[in-house]
Amino acid sequence: MIEVNEFQELTYQERIDSLRETKQRITQEKQQIIGSMDHDDWGLILPPPDRREIVQTMSASGMPITDALIAGFKVKPNHPSGGFFGPKAVGENFRALLEIHPVYIDPVSSLAGGYMANFMSYRKPHWNPDFDFGFLHVDQKRYQLGTGIGAAQHFCHDLSIGFELGWGGLLEKIRHYHDVQQAEEKDPEERTQKMDFYDGLESVVLGMQDWIRRTSEEARKSSLSEANPQRRENLEAIADINTRLVNEPPKTFREACQWMNWYQMAARMYNGNGALGRMDTLLQPYYQRDIDLGILDDEEAIFHIACFLVRNTDYIQLGGPDENGSDTTNHLSFLILEAAHRLRIPANVGVCVGDHTNPDLLRRGVEIMFEDKCGVPKFLGIDRTTEGFMKNGYEAELARTRAYSGCHWSAIPGREYTLNDCVKVNFGRVFEVALKEMMADTTIEPSIARLYELYAKHLQHAVDTIAKGLDYHLEHYHQVFPELFLDLLCYGPIEKGLDASHGGVEFYNLCVDGSALATVADSFAALEQRVEKEKRMSWQEIAQHLENNWKGPDGEKARLMMKGISRYGSGNSPADGWALKLSQLFTDLVKEKPTPKGYNMIPGLFSWANTIPMGKHLGATPNGRRAGEPISHGANPDPGYRKDGAPTAMAVAIASVQPAYGNTAPMQIELDPGITKDEGGVDHVADLIKTHFDLGGTQINLNIMDAAQVLEAHKDPSKYPDLVVRVTGFSAYFASLSPEFRQLVVNRILTEG
Amino acid sequence: MDGVVFSIQRFSIHDGPGIRTTVFFKGCTLHCFWCHNPEGIRPKPDIQFFPERCIACNECVKACTHGATTLVNGIRVYDRSKCIVCGKCVETCYSGARILTGKHMTVDDVMSEVMQDRAFYETSGGGITLSGGEPIMQPDFARAVLERSKAEGISTAIETAGNVPWEFEERVLPFTDLIMMDIKHMDSAKHRWATGVPNERVLSTARHFAMTDKPIIFRIPVIPTVNDTVEEVGAIGSYIRDLIELRNQNGGDGDHTISLELLPFHKLAGDKYRSLDMDYRAKDLKIPTKAHMAELAEAAKTHQIEVRSR
Ligand code: SF4
Ligand code: SF4
């Protein structure tokens, strides 16, 4: 704990340490009050105790969560259901929330602001019941689909629009196009909708300006009573900067960081947005200008970035090609990495690895992994995702602009709507439906060939259901909960008066992810080997074991027998072949045709944190998995896939099952290399990463960990409050996770399954 | 051509440069009492039994037609002396309690594993390492695997204890890029006490290696009670200096192609000894500290040789 003597001046590093300690205190408080948080840390701060209210709600990704709200704030419904829907009502309610939002200023930080409530948690119900998609319910339930209907954000804005205009400029732009559309839109109904939309956008900006203005006033007030000269000066600067930023665009590096801080916090607050994109490129002009003027040095730049990262766990890309293919890695890329390194908190910084990307970035990234063991940064196979995206019919120049901006995904900033990470097809459930159908039909002899045929039929059906759901979402979402915040920084929505989810932007490439690949590949392989080839069991017997969840006499023996085959990931095994075939089938079905309304879909393999809930509702599977246990993670083999747990085996397997259309099938990997950074560890890990991408891999979520320490922490997490792990696409404090989630991480470490 | 292999380890980063695949050959001419891979000592396949995994299904009893696994008063009894290691029981033991360690593998079998990580060898400067046991106890099989690897453009290394006829080592040398060789003690009597064999042939092999132009990493497994003193490690260091001189006299560059690595004793092999009904005589030894390892490395360095230590 850093004791701040009244008059003492702190170095930048001491201030960063203080930010970390404050963050840890806030986190511990959150753990006590909210309980387990099986999601991205978000950087949320609890409202002051006297203004706090605890509720059960739903996250932006559709997971049930406990949340803290600002007490006393009531939304204004505009619908008999008690909900508020459509741009005008949503904008007004968000403005009202911003206007009562408490001011937060950490006098140690160079940037003001902290967000304390998720607007999403006030939305009850989430969906406008007037839009009835009951016609999809039967199939959605049958295949247990994550449909994406009603899902928010999960695409990427372009911060440079905001940097250029500032809040004042945005307001002018909205008012300008309001008048243009009022005059030009001939369809009266469309016109009314557009006017509502502009009202909504305007409310959001006015709310922001109020929040920033109140903060600047508060900073001014506190500066007057602040005795410590360094802090006083800091508070004065915060007051000056924010007075200006109410209207003006940012000029200096610090102002750009402050502007970004406001926007990103509020976008997170609005609907959970965590997209950011190419931070190094976006900030470069401000950095260069201030360096040239001699008013900034690297230490100070690192500090401002750290002040930003402590408030925002946004998804950031470092390096990678510009539209012409030249590497964008710059000095700031390294400073951003350095800031994350000095903070040692959950952060989602992605480092590009590619043939033309500066290799020092990868090296420095791996060094930091070894030093901090926080799962930061993560690694992006930028050449593979760019090539893959081109296969959708896009030019290289455009494909290169797609920027990493979420858990496992990228989007073209400001120009593409994607619903990334929101749509999930649980292969496990599709398999279960197929197997049950086959066993119920007494007229045919069960066989692997028949089972696969049925699986393909049901997968087709599931994908069709998804496609219809996506069309439904795109048709109605703007009338439910439009993307008012991200719309501000996109090309098109303000100009056209259309929400990004409804034709406002240029490109629509909807993400459709498969999950439980290993669960199903191993199930097919186990049935093929044990039942069909070796005939150790009949189809009826295995069906009975699944029905009984492996209980009863011989149940455990049967389970181990099915589990004991060479699994996906072991290399050259039939199960490896099945994984390939299943991924190919899924890719073909998703790519076969667009949605009925003509929207492009892009396949990927990723289950995010859904492995637990998806597994909960799935019966026992022939790979030896018990009913209710988690499904396999994304494209990963199940833990215990090989006796030597060789990461190269995993890297080869996952590289081979890539759908390869620009969306990812990440490799989640935990390494306890048993060697230190100085003994060549960095080289080995960097080579592993690079080769995975050479082989076709698209993204790596890596933990370099001291396995013994994590196992220790699993027993009593409170002993390791600062232990950070990369859970999946996001990183989190280990102690913030539920026991189930911690177990998931621990299982991945134990190679003997 | 086939041979007996007991394990193939991918992403092997402790057995030579870069990312490697290590192929463990079964059978050894030494019997070091601390051996980290006791399942590699006997040349033939073995049955390993891990009782904690057993689910008492008695399938092994049903499978065994040789009277080696029987039920005595309802309890399974395994008599290793009657076991012909046919592997029938292992096939029905799904819990993994019984494992057949050591498989007859063809060169193709081995290569199909090795080739999977080819891309990693290229990026990292790695390759294949033959280890064991003593890989050179199966010289023709070793040679065939190495030859095929070279033909595939894969860099090769062997880990040998050197206690085999020189003529065996000679057979593999043309296809070997890097030699890693253990030297455990300079005193022949103590060497015999620790490993079961005297050291004359080992040292002679080392001299023969020094007369070639192949890079050599000599390795000392640092074992308390065997060779963990400054004097003992220093003596090996001095010997290696002589070998460097020998290579230099032969027109080679001994100083840059011969080095030494110190590997600390560890105790992870306890379970394996139990599973083979073998006595683990090293179980009470203490693991050398980092500081002590550093001190030993210093002792070796006084002989002007390149030393690495873990
Ligand atoms: S390996 Fe063969 S002989 Fe030995 S116990 Fe098993 S079944 Fe019996
Ligand atoms: S077959 Fe395996 S699990 Fe069954 S009793 Fe024998 S050793 Fe135990």
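The values are calculated or read from the model by the stated rules, or taken from the named source; none is laboratory data. Just so it is clear, the model here is predicted, and its values are computed rather than measured. Here Cβ is always computed from backbone atoms with ideal geometry, including for glycine, and neighbour counts include all displayed protein chains. Quick note on the areas: whole protein, heavy atoms, side chains included, nothing else; ligands and nucleic acids left out. Shrake-Rupley method; radii C 1.70, N 1.55, O 1.52, S 1.80 Å.
For A:Arg52, the residues whose modelled amide H falls within less than 5 Å of its own, excluding neighbours fewer than 5 places apart on the same chain, are A:Ala71.
Taking only C-alpha pairs under 8 Å that are 6+ residues apart, what is the relative contact order of chain A in percent?
Working: 1548 pairs, mean separation 117.4, N = 753.
Relative contact order of chain A: 16 percent.
The H on the amide N of B:Arg310, modeled in the peptide plane, is under 5 Å from the matching H of B:Leu262, each at least 5 residues off or on a different chain. In segment A:660-688, burial by the other protein chains removes 40 Å² or more of accessible area from A:Glu679, A:His684, A:Asp687, compared with the chain on its own (1.4 Å probe, ligands and nucleic acids ignored).
Based on alpha carbons, the Rg and Dmax found for segment B:92-238 are 17.4, 54 Å.
If you restrict to DSSP beta bridges whose two residues both lie in chain B, what percentage is antiparallel, to the nearest 5?
Here the antiparallel bridges make up roughly 35 percent for chain B.
Calculate for chain A the 222 nm mean residue ellipticity that helices alone would give, adding -39,500 (n - 2.57) per DSSP H run of length 4 or more and normalising by residue count, nearest 500 deg cm²/dmol.
Details: 26 runs with 365 residues, N = 753.
The per-residue figure over chain A is -15500 deg cm²/dmol.
A simple rule links phi to the HN-Hα coupling: the Karplus curve 6.51 cos²θ - 1.76 cosθ + 1.60 with θ = phi - 60°, which for segment A:640-646 gives x, 5, 8, 5, 7, x, 4 Hz, with x for Gly and Pro.
Counting only heavy atoms of the protein chains and using a 1.4 Å probe, A:Ile336 has close to 0 Å² of accessible surface. The loop-placed chymotrypsin sites (Phe, Trp or Tyr not before Pro) in segment A:496-525, going by DSSP, include none that has at most 12 neighbouring Cβ atoms within 10 Å of its Cβ. Among B:Met186, A:Pro359, B:Thr225, whose Cα sits farthest toward the positive end of the charge dipole of the protein assembly as shown (+1 at Cβ of Lys/Arg, -1 at Cβ of Asp/Glu, about the Cα centre)? The listed residue farthest towards the positive side: B:Thr225. Burial here means at least 40 square angstrom less accessible surface with every protein chain in place than with the chain by itself, probed at 1.4 Å; in segment A:633-655 the buried residues are A:Arg642, A:Asp644, A:Thr648, A:Val652. Computed with a 1.4 Å probe over protein heavy atoms only, the accessible surface of segment A:1-127 comes to 42 Å² per residue.
Placing unit charges on the Cβ atoms of the charged side chains and taking the dipole of segment A:430-542 about its Cα centre, the candidate lying farthest along the positive direction among A:Ala518, A:Thr442, A:Thr465 is A:Thr442. Most simply put, segment A:245-387 has about 10% antiparallel DSSP beta bridges, counting only bridges with both residues inside it.
The value of relative contact order for chain B, using C-alpha pairs under 8 Å at least six residues apart, is 18 percent. Normalised by residue count, segment B:46-101 yields a Cα convex hull volume of 71 Å³ per residue. Positive-end ranking of B:Thr123, B:Cys35, B:Gly87 along the dipole of segment B:1-137, with charges on Cβ about the Cα centre, is headed by B:Gly87.
Reported to the nearest whole Å, the Cα centre-to-centre distance from segment A:542-587 to segment A:239-312 is 51.
Seen against the Cα atoms of chain B and their longest principal axis, helix B:290-301 is set at about 40 degrees. Taken over the alpha carbons of chain A as equal point scatterers, the Debye sum produces base-10 log I(q)/I(0) values at 0.05, 0.07 Å⁻¹ of -0.24, -0.48.
Here the Karplus curve 6.51 cos²θ - 1.76 cosθ + 1.60, taken at θ = phi - 60°, turns the phi angles of segment B:91-100 into couplings of 4, 9, 8, 7, 6, x, 6, 9, 10, 8 Hz, with x standing for Gly and Pro. For segment B:46-101, the relative contact order works out to 50 percent when only alpha carbon pairs closer than 8 Å and six or more residues apart are counted.
When +1 charges are put on Lys and Arg Cβ atoms and -1 charges on Asp and Glu Cβ atoms, the dipole computed for segment A:126-234 relative to its Cα centre reaches about 620 debye.
Only helices enter this figure: runs of n ≥ 4 DSSP H residues, each worth -39500 (n - 2.57), summed and divided by the residues of chain B, yield -9500 deg cm²/dmol at 222 nm to the nearest 500.
Using the Cβ of A:Arg363 as centre and a radius below 12 Å, the other residues enclosed give a net charge of -1, where K and R count +1 and D and E count -1. Accessible area per residue for segment A:576-647, computed on protein heavy atoms with a 1.4 Å probe, is 32 Å². For the pair A and B, the buried accessible area comes to roughly 2300 Å² in total, with a 1.4 Å probe and the value rounded to the nearest 100. The residues B:His256, A:His304, sorted by heavy-atom accessible surface at 1.4 Å with ligands and nucleic acids left out, run B:His256, A:His304 from largest to smallest. The accessible-area loss of segment B:123-157 on complex formation, taken against its chain alone with a 1.4 Å probe, reaches 30 Å² or more at B:Thr123.
Find the accessible area per residue for segment B:46-101; the probe is 1.4 Å, ligands and nucleic acids are left out, and the unit is Å².
Numbers: 2990 Å² over 56 residues.
Per residue, segment B:46-101 has an accessible area of 53 Å².
For the protein assembly as shown, DSSP calls about 40 percent of its internal beta bridges antiparallel. Amide hydrogen proximity for B:Ser155: with H placed 1.01 Å from N in the peptide plane, the residues at 5 or more positions away or on another chain lying under 5 Å are B:Ile128. For segment B:106-188, a crude dipole built from +1 on the beta carbon of Lys and Arg and -1 on the beta carbon of Asp and Glu, taken about the Cα centre, is about 120 debye to the nearest 20. Note on chain A: with charges restricted to the Cβ of Lys and Arg (+1) and Asp and Glu (-1), its dipole about the Cα centre is near 2080 debye. Across segment B:53-63, computed HN-Hα scalar couplings (Karplus, 6.51 cos²θ - 1.76 cosθ + 1.60, θ = phi - 60°) run 8, 5, 9, 6, 8, 6, 5, 5, 5, 5, 6 Hz from first to last residue, x flagging Gly and Pro.
Tell me, what % of the accessible area of the protein assembly as shown is carbon and sulfur with a 1.4 angstrom probe?
Numbers: 19960 of 38660 Å².
Answer for the protein assembly as shown: carbon and sulfur cover 52 percent of the accessible area.
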